[in-house]
Amino acid sequence: MAQGANTKKVFRLRNLPGHVDRQAATELFASCFSGNFSIASLASSTDIWQRIPTKIATLTLDESLLTRQVSSGLGEWTFVIPGLPHPLILDHHFRGLTPFNEVDPGNHTLDCIAISGLSSHPLGSWQPHGGSKSFMWIRDELPQQFPNVRFITYGYDTLLAKSNSFQTIWDLANTLINVLRADGWSSSTAKRLVFLAHSLGGVIVKQALVMLAGSGHAEVHIASLVQGAMLFGVPSSGMAVDDVCAMLGNQPNKDALVKEISAESSFLAQLESQFWGISYVRNIKLCWVYETKTTGTLEIDENHSDMVKFTPGDHRTRIVANKLSDIFGLAKVSDRHKDQMIYDGEDIHDAPQGEGSSMVKVVSDSIANASFGPFTIPDPVWWDNDLFLRSLLDRDRDTRRDQIDPQSSHTLEWAFEDGFTDLPRWLQNGNGIFWVSGKPGSGKSTLMKFVHNDDRTRELLHCWNTSTRQITANFFFHYRGNVIQKSFEGLLRSIISQLLEAEPELYDAIHVLFNNKYNKQVHLERLGSLQSDLYNLANEAGLSVPNNTNLKHDVDGIIQNQDVSHTLKYLTSSINWKPGRIRSWNTKYEERLLQRGDELLDSPMGDLDLDRVRKALDVRIPAPDFDSLIMTWRERIDLGSNIRALFAKHPPSWLLSDHWNPEHSSVVHHSSGTSEVEERARKLEQARLRKLDDSINAVLIRHQRRKNIKAAIESTKWNRKDLEEILHSICAQSMFDLDLCLFLDALDEYDGRPEFISGFLKDLTRDGHFPRTRIRILFSSRPWKTFRDEFESCPGFKIHEHTQNDIRKYCMTSIYGRGQLSQYLLPYVDEIVHRSSGVFLWVKLVLHDLFQVVAQHGHGGQQLADQLRKTMDTLPDQLEAYYVVILERLSNATRWDAYVILESLVRSVTKLSATQLSDIVAYSSVRRWSDVRKVKPGLRDAQQASRFVQEACGGLVDVEAEHVQLMHQTVRDLVEAPGFRHVMFDASYAATTDENGFSFLAKYILLHPHCGIGGLFSFYARKAERTTGLSQHSFFLGVPPSFFQRHKMGDYVSSPLTLAAFAGLELFLEDAHRTESEAVGRSREWLLLSTDAGIGHGLEPDEALVIIRSLTAKGFAVDRDPAGLSSFVRQMWGVRHQRCVNNLGGLDRRFVDIVATLVDHLSNLEISIQWKDFDFEENNEDKDKTMMPLPDRNPFYDTHGYRTKGPTISGKILHLSPPSIAKILLERGADPNAADSLQRSPLDYLLFAGSLHSAKLYYINELQELLKSYGGRFRRTLETDGPALHD
């Protein structure tokens, strides 16, 4: 036994059925292994693409017993169990992802991945020393502290001794990226990511983040999920590796990996710089844990290896958990009630229980415990189909299909020719799946769009002699598009939305799902139903609804009126419109009103300007009719008023009074005298009324919560499971016979496993799967093995078999243009046609190479023939491999030019000419300001520039008359891939290349004499920082003032520092501060005005807020830039350049936080700012009034295009401050009675007709009370001039 204990190890068991629990998993493995073992964890696989879900277990057992019973292959043991679709696999290497804990899908918020260090085990490196391997703190303790976080370990090849690996840090990081993509973190529903990394694992995390940030859309999406990292003993500079090198001898990994992290290498230092920059601009939370006390934020008194080996109950685990709590933004279980998750920085309505959940629970308990009666009648729930559809729709749903050029170098009419393909026959009578296969560039997408749009398709699908309803839907996968355009979720959302648009009756099929979700949440929160609440209320009042027909009718009417849409439709159909006042009621009006329902129905009536709403919504009916409609609509759905009116109509039997005022729960008595007994009875009556009123309020709160649940379901952010259920419900409908034909293009561009999407298509089209719905699918893809295995037997065709004649014609035409030398090329036509597999792009590249050979050996003869044969033999058949060959053939001197051109074309948001690209290459080599004068732009004319670009890129670009473009989207795929630099350069040069297309474009726009500093420069410069993690601070150190004067950007951009503020360059400001700590604090420049100017050139307000926080944190004195301060205060009210820019006016919340930050850092609270008041002379009948009583003055309900006019006014910030900012100022001691240049106090200005303030009564009330509470008073305005603000 002692010997067995010493050989115990932790193993991983994969492919367990998804339904098993620990007991079932134990029994399964016990049938394969004879010996003691214990399962420590059991969790669902991280692979979201599995059609048959599986689980993964970690277990401890005696390895010596295992090896005696079962032979191992490459460190794995396979167990075949009858009845299971896949064998169980046991391993000790833990390669890839291993989840430790199961998380409730509804509460799953984060994934935390642990990555071990150099020459360590993925799980064992986190375990304490000793023979027992039963404990691992990340697996066994952290999930208890954070039950909504899934903890995972990632294993990779970290062995040093006896390793033949050539892997570098880049290779290991690229593998991690591929694993994350393969397991679904590029999908739209992926969870946020946090890493726990030790030693080399942290270096890999750093490299992966840098690669993700600078790559394509899918990689950038993964980077956006990274929320933080805890780094244990991760080196930021070179390490001492002499002992390691001696141990490795001449092993490959000595040069491949170890030297990268050695003290002689600058790799780690540069990586650290980029990682820090990307983490900073992306707000990624980092915690550095060190084993020494030299530096860091968290110190552990252990050596490098043992610093992550915590024992059970180790106090260090609690310390780490506290730090993780900050990174996660979640409180630990020990710091919160176990039934409620706390979201740092978020309101309670974002917590799982919903808005006001604690109040709802108290009210629910009080009602549930009341003796109202045993009524459990469910509500009829009405669903807003339009709201649901809007939640599904994505603005880019059809973008890819619309982008495909319908024109082609060859005709596609053959697709509909009888006998040429089986497509017409399949469209008319076929079943199941039809597959169009072809290589990249063969025209699959063009064909799919052609077939989808052609009228013959609809004719063939239509059957005139049947009642079956026909629907077609399409989805064109787009790998270079956003997440929705290439994900399974995007496919489902698109298909479902098209089905519902085509056949609205299908909504009925999914309402059942909604009802189930609604009822489940209502039951969970013990919210009952409105009907049961009203019955219980009546029961409390001594009324019996079932026995009173009139009362039951009125209760049912109240419930019916809660369907906002139904009530509006009823009103518009039943209102007696006055003759001549309206020609017809347009149903579009209803849609517009429903979209603004929250504002129209929930806002206090006094705050509504119905005339403004009517005009804004373009509801073309007379104002009296519109006002009457809205007021009637509001009255019908006002639950509180309707309930009280119900009891006024059906008064309780114990009510002694002659009249009851249901609005105030009071009674009115008309008798003159009362006895003591009567007085006691009336007191009891008043107590009962108060109790009834409390119960009514409780019902209102409960009903509001039910409405919130319903609204959340209608507008939810749909996850994959919900969408799958919805599509299944639609397909399983039993209302009518449905024939559904789906057109799916480019399944190979789906951002997931091809096995998964293949299984999905086969499941949908399985015979008899849906009794009343027949589903057929026409799809296209590359001929990948998975697709061949699944669909080879399905009807379809290979597109290249039908384009050979077009390719042959293209070759012959091109070759005959070569004159007499065409005789050397003609013998290759058949070979080109055969090897092309229908890919015109491949043919074009081949002919380009062959023509170059002819040009070099223009005299013909055997030498030319031999060279042509040699060239053909060396050309790869695969397009992607061809690209790599083209780039590898470039000379070292040319590769940088090609890299700059291709990167610039991929990153540019505008078209670039060959001349521009030539100049971009010239400026790309500028690293210091002193190098600028060496660059002479415009040295090449248009023809020379075109030839330069063509030759530099080896034919991978097409040069048009006006612009240059990539020859195909597959070239973009290559350039956006994380490994593009390693294709262009050797490993060492690639590792030190830190600029990309954004960097080159920003530099070109800044330096070219014919370009101006504006929005494009700002955009590219910000993108360069976000994708490289580096700033251009060192480059700007030598910029002379004359440079900015030449660009004529005004006083607000006159130096590198103001340029950084203007462009929103966070890292530039950080580097400036680190270089000179007082650079920002001592600055006398208009940095606020520079930032404000940037907003007019593409800088978003939230980006400006980041810059302002950075400036103030570095000591910038806000008081030094009153012009910038004034501008931001004005923009808070929607005024820019003296014009209101808000359609509906009011506070622009995007600027409130900016102004609050500025106010927080003001030294002089009485600093003067400037503005102009609104001019309403053209918009108000009473032109003589300068002070107008509210609420007639309503400037921000219809102020688009209003100009501020008149003299510039000088006043204090308090004059223009909303309550939140006014409170900050007043608490800091601002004068509540400070006068502006017209001698108006803040209270005066609040009631002024042309004031920039909002005119909503609740706003006026709140601000007035705040000012008065600090001693504010009127200077010029009589309080009687204003409205009765407290009524």
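The values are calculated or read from the model by the stated rules, or taken from the named source; none is laboratory data. What you see is a predicted model, and the numbers here were worked out from it, not measured in a lab. Every residue, glycine among them, receives a Cβ derived from its backbone with ideal geometry; neighbour counts consider all protein chains shown. Ligands, DNA and RNA are excluded from the accessible area calculation, which covers all protein heavy atoms including side chains. Shrake-Rupley method; radii C 1.70, N 1.55, O 1.52, S 1.80 Å.
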Query raised in the report: Can you name the residue in region 692-738 that is farther than 26 Å from Ala645 by Cβ and among the polar types (S, T, N, Q) and is also least open to solvent (accessible area, probe 1.4 Å) among such residues?
Result: Gln733
**Report entry** Residue match in region 671-694 (condition: modelled with pLDDT under 80 and among the β-branched types (Val, Ile, Thr))
**Finding:** yes
Query raised in the report: Would it be correct to say that Leu491 is buried (at least 22 other Cβ atoms within 10 Å of the Cβ), touching a residue at least 60 places away in the same chain (Cβ under 8 Å) and of a type in the set (A, V, I, L, M)?
Result: yes
Requested in this report: Mind listing whichever residues of region 115-153 are assigned to a loop (DSSP other than H, G, I, E, B), under 29 Å from the mean Cα position of the chain (by Cα) and surrounded by fewer than 22 Cβ atoms within 10 Å (Cβ to Cβ)?
Outcome: Pro147, Asn148
Report task. Could you give me the residue pairs with C-beta distances under 7 Å whose first residue belongs to region 885-904 and is outside any helix (DSSP H, G or I), whose second residue is of a type in the set (Gly, Ala, Ser) and open to solvent by 10 Å² or more (accessible area, probe 1.4 Å) wherever it lies, and which are 6+ apart or on separate chains? Result -> Leu890/Gly954
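One line per residue, one yes/no per condition, for (1) more than 32 Å from the chain's Cα centre (by Cα); (2) at pLDDT 50 or above; (3) more than 27 Å from Gly1271 (Cα to Cα); (4) open to solvent by 60 Å² or more (accessible area, probe 1.4 Å):
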| position | (1), (2), (3), (4) |
| --- | --- |
| Val1141 | no, no, yes, yes |
| Leu1147 | no, yes, no, no |
| His1161 | yes, yes, no, yes |
| Phe1176 | yes, no, yes, no |
| Thr1186 | yes, no, no, yes |
| Asp1198 | yes, no, yes, yes |
| Gly1211 | yes, yes, no, no |
| Ala1222 | yes, yes, no, no |
| Pro1232 | yes, yes, no, no |
Report summary line: If we take region 1-74, then helices (runs of 4 or more DSSP H) inside it with 1 or more residues that are open to solvent by less than 20 Å² (accessible area, probe 1.4 Å) and modelled with pLDDT under 85 are 2-6, 63-69
Query raised in the report: Which of the residues belonging to region 799-838 are open to solvent by less than 60 Å² (accessible area, probe 1.4 Å) and either within 25 Å of Gly419 (Cβ to Cβ) or acidic (Asp, Glu) (or both)?
Result: Ile799, His800, His802, Thr803, Asp806, Ile807, Glu831, Val833, Ser836, Ser837, Gly838
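This table checks each residue for (1) among the hydroxyl-bearing types (Ser, Thr, Tyr); (2) assigned to a loop (DSSP other than H, G, I, E, B); (3) out of contact with any strand residue (DSSP E or B) (no Cβ under 7 Å at 6 or more places or on another chain); (4) open to solvent by less than 20 Å² (accessible area, probe 1.4 Å).
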{"residue": "Gly955", "(1), (2), (3), (4)": "no, yes, yes, yes"}
{"residue": "Gln965", "(1), (2), (3), (4)": "no, no, no, no"}
{"residue": "Val975", "(1), (2), (3), (4)": "no, no, yes, yes"}
{"residue": "Ser999", "(1), (2), (3), (4)": "yes, no, yes, yes"}
{"residue": "Ala1002", "(1), (2), (3), (4)": "no, no, yes, yes"}
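Rundown of residues vs (1) without any contact (Cβ under 8 Å) to a residue 40 or more places away in the chain; (2) farther than 21 Å from Ser729 by Cβ; (3) outside any loop (DSSP other than H, G, I, E, B), yes/no style:
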| site | (1), (2), (3) |
| --- | --- |
| Leu742 | no, no, yes |
| Glu755 | no, yes, yes |
| Gly759 | no, no, yes |
| Lys762 | no, no, yes |
| Pro771 | yes, no, no |
| Arg774 | no, no, yes |
| Ile777 | no, no, yes |
| Glu790 | yes, yes, yes |
| Cys794 | no, yes, no |
Query raised in the report: With respect to Leu1257, is the statement that it is within 14 Å of Ser1168 (Cβ to Cβ), at pLDDT below 95 and touching a helix residue (DSSP H, G or I) at 6+ places or on another chain (Cβ under 9 Å) true?
Result: no
Report task. Name every residue in region 496-551 that is under 30 Å from Met735 (Cα atoms), polar (S, T, N, Q) and either touching a Pro at 6+ places or on another chain (Cβ under 8 Å) or surrounded by 19 or more Cβ atoms within 10 Å (Cβ to Cβ) (or both), in order of residue number. Result -> Ser497, Gln498, Asn519, Gln521, Ser529, Gln531
Report task. Could you look through region 623-645, keep only residues that are assigned to a helix (DSSP H, G or I) and charged (D, E, K, R), and pick out the one that is most open to solvent (accessible area, probe 1.4 Å)? Result -> Glu635
Query raised in the report: Residue check: is Val971 in a helix (DSSP H, G or I), open to solvent by 10 Å² or more (accessible area, probe 1.4 Å) and either hydrophobic (A, V, I, L, M, F, W, C) or at pLDDT below 90 (or both)?
Result: no
Query raised in the report: Looking at (1) modelled with pLDDT under 95; (2) among the acidic types (Asp, Glu); (3) closer than 19 Å to Gly202 by Cα, can you tell me which one Asp111 breaks?
Result: (1)
**Report entry** The one condition in (1) over 26 Å from Gly1015 (Cβ atoms); (2) open to solvent by 30 Å² or more (accessible area, probe 1.4 Å) that Ala898 fails to fulfil
**Finding:** (2)
Requested in this report: For residues that are surrounded by fewer than 24 Cβ atoms within 10 Å (Cβ to Cβ), under 27 Å from Leu492 (Cβ atoms) and either more than 19 Å from the chain's Cα centre (by Cα) or aliphatic (A, V, I, L, M) (or both), tally how many sit in region 193-217.
Outcome: 1
Query raised in the report: Of all residues in region 1111-1121, which are open to solvent by 10 Å² or more (accessible area, probe 1.4 Å) and in a helix (DSSP H, G or I)?
Result: Thr1112, Ala1113, Asp1119, Arg1120
Report summary line: Of those in region 1073-1091 that are open to solvent by less than 10 Å² (accessible area, probe 1.4 Å) and in a helix (DSSP H, G or I), the residue farthest from Phe1035 (Cα to Cα) is Leu1088
Query raised in the report: List the pairs whose first member sits in region 176-192 and is surrounded by fewer than 22 Cβ atoms within 10 Å (Cβ to Cβ) and modelled with pLDDT under 85, whose second member is part of a loop (DSSP other than H, G, I, E, B) and of a type outside the set (Gly, Ala, Ser), and whose Cβ atoms are under 6 Å apart, counting only residues at least 6 apart or on separate chains?
Result: Thr189/Asn719
Query raised in the report: Does Leu1016 satisfy being closer than 19 Å to Pro1056 by Cβ and either modelled with pLDDT of 90 or more or surrounded by 15 or more Cβ atoms within 10 Å (Cβ to Cβ) (or both)?
Result: yes
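Residues are listed down the side, and each one gets a yes or a no for (1) outside any helix (DSSP H, G or I); (2) within 22 Å of Leu268 (Cβ to Cβ):
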{"position": "Val179", "(1), (2)": "no, no"}
{"position": "Ser186", "(1), (2)": "yes, no"}
{"position": "Gly201", "(1), (2)": "no, yes"}
{"position": "Gln207", "(1), (2)": "no, yes"}
{"position": "Val220", "(1), (2)": "no, no"}
{"position": "Ala223", "(1), (2)": "no, yes"}
{"position": "Leu231", "(1), (2)": "yes, yes"}
Report task. Sort out which residues of region 943-985 are under 35 Å from the mean Cα position of the chain (by Cα) and charged (D, E, K, R), and write them in order of number. Result -> Asp958, Arg972, Asp973, Glu976, Arg981
**Report entry** Identity of the residue in region 911-932, modelled with pLDDT of 90 or more and part of a loop (DSSP other than H, G, I, E, B), that ends up surrounded by the fewest Cβ atoms within 10 Å (Cβ to Cβ)
**Finding:** Lys911
Report summary line: Checked against (1) of a type in the set (Gly, Ala, Ser); (2) assigned to a helix (DSSP H, G or I); (3) in contact (Cβ under 8 Å) with a residue 60 or more places away in the chain, Ser988 satisfies every condition except (3)
